[in-house]
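Values in this text are rule-based calculations from the coordinates and carry no lab data. This one's a predicted model, so the numbers in the text were calculated from it and none came from an experiment.
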Amino acid sequence: MCIVFIGAGAIGVPTLQALLKSEHHVVAVVTQADKPAGRAQLIEPTPVS
């Protein structure tokens, strides 16, 4: 089965890892764009990316 995974938070990481280890074919991963975080406003990627 071909799958498009959509997620951004840390809760999505174990799910994505399980899908990648399974027999299914992950064809795309969609997540939010990197955004500034913290006091220094450094660009941080989402846990999924």
## Note on the structure
Counting all Cα-Cα pairs in segment 2-44, those more than 14 Å apart amount in percent to 56
### Query
Counting pairs of alpha carbon atoms under 8 Å apart in space and at least six apart in sequence, what relative contact order in percent does segment 2-44 give?
42
### Message
Using amide H atoms built in the peptide plane, which far-off residues or other-chain residues are under 5 Å from V26 H to H?
### Response
I3
